[in-house]
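The values are calculated or read from the model by the stated rules, or taken from the named source; none is laboratory data. Predicted model, so just to flag it, every value in this text is computed and none were measured. Glycine also receives a Cβ, built like all others from the backbone with ideal geometry; neighbour counts cover every protein chain displayed.
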Amino acid sequence: MIVDAKKDDSVAWDSYVDRHIQGSFCHLFGWRNVIVDAIGHKAHYLKSVDSAGNINGVLPLVEMKSRLFGHTLTSTPFCMYGGALADSAEVQRALENKAKEMGASLAVDYVELRYQTQQQQLIENGFVEKSVHSYFETDIASNEDDILTAIKKKQRAVVRHSLKNNLSCRVNQDVDCLYQIYATSVRNLGTPVFSKSLFNALVKEFGENVDILTIYSGDKALSSVMSFYYKDMVMPYYGGGLAEARQVKSNDNMYYKLMCHAAKRDKKRFDFGRSKNDSGAFKYKRTWGIEPKPLYHYYHLVKSEQLPNLNPNNPKYQKLISIWQKLPLWVSKLVGPYLSKYLG
């Protein structure tokens, strides 16, 4: 039986995600609270239960509706990963069929499910596969010297350079400092920034499983990143650097220091996140010696007649990006959250 999960189901839901081999931080019930409370979308978190009432499958779904960006049902927006977790192929297919039914009932443009592995059953079930992003994941050594040695030679030299620049590192939950740097960084890239309330909500919801690592030159914060910790993994998620960061290599210093910090927290894996294939971020992550792995997004078209194309290289977005890069920072902070909430 498949039913809508309620807030009271959060402990049982997360216990299931914890036990499931493919359960990720992005599947945790806390994202439902964050997305609903801080962003304002409607969540449809589905759970499958057996005859004894025990969870044997979950599928987090979020409905987003916008005149500009359309009406979608996604698992899971604002997250790299999503899709169904289940004890069996039969339960997984039932959850995915329920997502299709819900998409039709809600009259969305399309249903989108995000997986780390190919899902042939979805293709057989009328979904279309699209793989334009990759994720980067690697082991973390147990000490700082071995972490440095594991970095690819050319990038290792950059990190060594950064270590000579009298940079300092602070780890806390200072959202104010992170947000100023992050907002500046994404404005410079021509991307709308998320609201500050999202970052505060993430810290409040996930507590000690979230921290913010910031690199300083003297008293000046140059680079900062919010990271998530789950199972044996650290995931740098929202980060950026000021223009001055490039000269002293503080972004490179930041990711190295994060690996070292994660090792002290007994984490064994570093998830460098997703990037669009062949983008600048994609190429940068490869310089660390981390090989990309494809992400698979599956779409069931309901009202839409074609797959979405929110690629920033899409010509219709290039002019908007150019205009956004020229906005005063205060304007981008004011307007950005109204747009970014639909760009998950």
Flag if residue 202 is in a helix (DSSP H, G or I) and farther than 26 Å from residue 244 by Cβ: yes
List the number of the failed condition for residue 134; all other conditions in (1) among the hydroxyl-bearing types (Ser, Thr, Tyr); (2) at pLDDT 95 or above; (3) part of a helix (DSSP H, G or I) hold. (3)
Pull up the range 20-49, narrow it to residues that are touching a strand residue (DSSP E or B) at 6+ places or on another chain (Cβ under 8 Å) and free of Cβ contacts under 8 Å to residues at least 24 places away in the same chain, then point me to the one that is farthest from residue 229 (Cα to Cα). 42
Top-ranked residue in the range 218-235 [being part of a strand (DSSP E or B) and out of contact with any strand residue (DSSP E or B) (no Cβ under 6 Å at 6 or more places or on another chain); ranked as surrounded by the most Cβ atoms within 10 Å (Cβ to Cβ)]: 230
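With respect to residue 283, is the statement that it is surrounded by fewer than 16 Cβ atoms within 10 Å (Cβ to Cβ), in a helix (DSSP H, G or I), out of contact with any Ser or Thr (no Cβ under 8 Å at 6 or more places or on another chain) and basic (Lys, Arg) true?
Working: surrounded by fewer than 16 Cβ atoms within 10 Å (Cβ to Cβ): yes; in a helix (DSSP H, G or I): yes; out of contact with any Ser or Thr (no Cβ under 8 Å at 6 or more places or on another chain): yes; basic (Lys, Arg): yes.
Yes: the conditions hold for residue 283.
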Selection count where residues are basic (Lys, Arg) and in contact (Cβ under 8 Å) with a residue 40 or more places away in the chain, scope the range 201-244: 1
Failed condition for residue 120, given (1) surrounded by fewer than 16 Cβ atoms within 10 Å (Cβ to Cβ); (2) under 22 Å from residue 15 (Cβ atoms), with all others met? (2)
Select from the range 165-195 the residues that are in contact (Cβ under 8 Å) with a residue 60 or more places away in the chain, under 20 Å from the mean Cα position of the chain (by Cα) and assigned to a loop (DSSP other than H, G, I, E, B) and list them in ascending order. 190, 191, 192, 193, 194, 195
Being of a type outside the set (Lys, Arg) and under 30 Å from residue 98 (Cα atoms) narrows it down to one of 150, 201, 141, so name that one. 201
Across the range 64-107, the tally of residues that are crowded, with 18+ Cβ neighbours inside 10 Å and assigned to a strand (DSSP E or B) stands at 8
Complete set of residues in the range 236-266 that are surrounded by fewer than 21 Cβ atoms within 10 Å (Cβ to Cβ), out of contact with any helix residue (DSSP H, G or I) (no Cβ under 9 Å at 6 or more places or on another chain) and closer than 27 Å to residue 164 by Cβ: 246, 247, 261, 264, 265
